[in-house]
Amino acid sequence: MNVQELKFLLKLLAYENYIVSIQKIQPAVGMKVSERDEICYRLCDQGFVKFTAEVTKININPKGKSLLKTKKAAQSLTDEELKVLKASANGMISPSETGISTAYRQAVIQDLLDRGLIKIIDQKIKEVWLTEGGKKFLCQEYSSGSNAKEITLKMLSDYLQLMRTYQSPPSPQPEKEQISKVSQHKPTDSEILAMIRELDQNLGTDNYLPIFHLRQKLQPPLFREELDQALYRLEKNDQIELSSLQEVRSYTPEQVEAGIPQDIGGRLFFIIPD
């Protein structure tokens, strides 16, 4: 790891939950945005950070072009998805050139990306955060023999605080705090299934519970991937079914993105309890 990558990680430590707009991360004075973003991509490839991004340029894929030439296009795509494919069929475009509303533009583009019908030409990184892998690397694996004066006392202080948080044993807690902590234990598959049925009944979703409702209840204590895997297990055991979303305009982009992306087809969005 070079010094600029290390400073990128250390600067994340200054922010709550180690997440911040990438515009606030500047590994070196005068560093170009493209250089900073390239560092972010490299760290992401190593599993040390993750980020959200806004797609700024797209183009159609051969798979998308082939689909447009068939009668299946009108059956397997929504009106908005058709607009995006047709708009990008003649070359690279920006999302604003797709002709669809900004309210769900990114969600539609993401669904087409997940299905391999379009590709990203350019994107703008929005927020970046330190992963558990990044924390482990800083606390347990990183080592350097360099004498370069690159690290400020503020960075050192933030690093030491991470070390204390990461490695210190939990301090004794008052009884009330212990009870609260117990209530945050990670639920079992059976408890998740019970929560699904309870939410479906309380919200009146008629056995079609949007996943974002469950995420709001269970993230935390669960991470997103942990909940996704639990849902897959429940489906494998024939306790629920997962159904994709065909019409995105009824939901916000954030709600749509709460679905589970698939290599083929739209995101899994609805939970159908058996």
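Here are a few things to note about the model shown:
- The residues of the stretch 92-115 that are more than 14 Å from ARG267 (Cα to Cα) and among the polar types (S, T, N, Q), listed by number, are SER94, SER96, THR98, SER101, THR102.
- Flag if SER88 is modelled with pLDDT of 90 or more and not aliphatic (A, V, I, L, M): yes
- Of all the residues in the stretch 1-35, those that are among the charged types (D, E, K, R), in a helix (DSSP H, G or I) and surrounded by fewer than 16 Cβ atoms within 10 Å (Cβ to Cβ) number 3.
- Scanning the stretch 222-251 for residues that are assigned to a loop (DSSP other than H, G, I, E, B) and of a type in the set (A, V, I, L, M) turns up LEU222, LEU245, VAL248.
- Taking the listed residues GLU254, GLU247, GLU225, GLU241, the one that is surrounded by fewer than 19 Cβ atoms within 10 Å (Cβ to Cβ), outside the structural domain of GLY64 (by TED's automatic domain parsing), of a type in the set (D, E, K, R) and closer than 19 Å to GLU198 by Cα is GLU241, with no other qualifying.
- Within the stretch 205-221, the set of residues being outside any helix (DSSP H, G or I) and of a type in the set (Val, Ile, Thr) comprises THR205 only.
- Among the residues of the stretch 5-42, those that are of a type in the set (D, E, K, R), in contact (Cβ under 8 Å) with a residue 60 or more places away in the chain and closer than 19 Å to ILE151 by Cα comprise LYS7, LYS11.
- GLU38 vs. criteria assigned to a helix (DSSP H, G or I) and either within 23 Å of the chain's Cα centre (by Cα) or under 30 Å from LYS7 (Cβ atoms) (or both): yes
- Pairing each residue of the stretch 111-137 that is touching a residue at least 24 places away in the same chain (Cβ under 8 Å) and within 17 Å of CYS44 (Cβ to Cβ) with any residue that is of a type in the set (D, E, K, R) and outside any strand (DSSP E or B), provided the two are 6+ apart or on different chains, yields C-beta distances under 7 Å for ILE125/ASP37.
- Among the residues making up the stretch 88-147, a single one is assigned to a helix (DSSP H, G or I), of a type in the set (Ser, Thr, Tyr) and surrounded by 15 or more Cβ atoms within 10 Å (Cβ to Cβ): SER88.
The values are calculated or read from the model by the stated rules, or taken from the named source; none is laboratory data. These figures come from a predicted structure and were not determined experimentally. Methodologically, a virtual Cβ is constructed for each residue, glycine included, from the backbone with ideal geometry; neighbour enumeration extends over all protein chains shown.
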